[in-house]
Amino acid sequence: MLMVLSETVPLKPEYTSLGNAIKVSRNDVPDYLLFLEKAQMIGQLRDETGGLRGLGKIEKVYLDNTNIMAALVGDKADTGTVRETFFYNQTRVTTDVIASKESDFFIDGYTFEVGGKSKKRKQIANLDKAFIVKDDIEYATDGILPLWTFGLMY
């Protein structure tokens, strides 16, 4: 299952197709994902639904960190996926990270859109407390944060 996930993350889990890919019942897939999450091999990005209902509301599945991605898919890893995986891995250590309806991530009242050097603000233009997190930049400017700075949170 980890190899199947490594080739397709981040993805909104489709239990039937994941079950077919590894030849298990679709009913077992959520358990397997939870076991992989507890083993710190993947991270499951959930929506804002809390409590027991929120356990089944998985928006995306990420490999736990970029090192696992490099080991399993090597140079075939999508750059955008590597960026999002790094951001998610670093921020979830200190706080709850939730899927954003408008952007990539929602953390403690702030919205974050992760991208490369050329990422524009149009996706978060109408949002208060929103930031662009860019790779391949050195310094922060108004509403734009360098991706590397989130590595200091760990």
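Enumerate the amide H contacts of residue 42 below 5 Å, restricted to partners 5 or more residues apart or on another chain; note that Pro and chain-start residues carry no placed amide H.
Amide H to amide H, under 5 Å and 5 or more residues apart or across chains, residue 42 pairs with 37, 64.
Write down the Kirkwood hydrodynamic radius of segment 7-154, to one decimal in angstroms, obtained as one divided by the mean of 1/r over all alpha carbon pairs. Each step should come with its number before you reach the end.
Values: mean 1/r = 0.0617 Å⁻¹.
Computed over segment 7-154, the radius equals 16.2 Å.
Could you run the Debye sum over the Cα atoms of segment 1-75, one equal point scatterer each and no solvent, and tell me log10 of I(q)/I(0) at q = 0.19 Å⁻¹, two decimals?
-0.77
Starting from the amide H of residue 133, placed 1.01 Å from N in the peptide plane, find each other amide H under 5 Å away whose residue is 5 or more places distant or on another chain.
113, 114, 115, 145
Identify, among 90, 80, 127, the residue whose Cα sits farthest towards the positive end of the charge dipole of the chain, taking +1 on the Cβ of Lys and Arg and -1 on the Cβ of Asp and Glu, with the dipole about the Cα centre.
My answer, from the dipole projection, is 127.
Using the Cα centre as the reference, give the magnitude of the dipole from point charges on the C-beta atoms of the chain (Lys, Arg: +1; Asp, Glu: -1; all else neutral), rounded to the nearest 20 debye.
Here the chain has a charge dipole of around 240 debye.
Counting pairwise Cα distances across segment 78-154, what percent come out greater than 22 angstrom?
The share of Cα pairs beyond 22 Å in segment 78-154 comes to 13 percent.
Using 1/(1 + (r/R0)^6) with R0 = 35 angstrom and r between the beta carbons of residue 7 and residue 129, what's the FRET efficiency to the nearest 0.05?
Efficiency computed from Cβ-Cβ geometry: 0.50.
Setting aside same-chain residues fewer than 8 positions from residue 60, which aspartates and glutamates have a Cα under 16 Å from its Cα?
7, 14, 31, 37, 47, 48, 78, 84, 96, 102, 104, 113
Counting only DSSP beta bridges with both residues in the chain, tell me the antiparallel percent, nearest 5.
Around 55 percent of the beta bridges assigned by DSSP in the chain are antiparallel ones.
What ³J(HN,Hα) values, in whole Hz, does the Karplus curve 6.51 cos²θ - 1.76 cosθ + 1.60 give for segment 66-75 when θ = phi - 60°, with x put for Gly and Pro?
These are the phi-based 3J(HN,Hα) values: 5, 5, 5, 4, 5, 5, 8, 10, x, 6 Hz.
All of the numbers you see were taken from the coordinates with simple rules; none came from a lab. What you see is a predicted model; the values in this text were computed from it and never measured. Methodologically, a virtual Cβ is constructed for each residue, glycine included, from the backbone with ideal geometry; neighbour enumeration extends over all protein chains shown.
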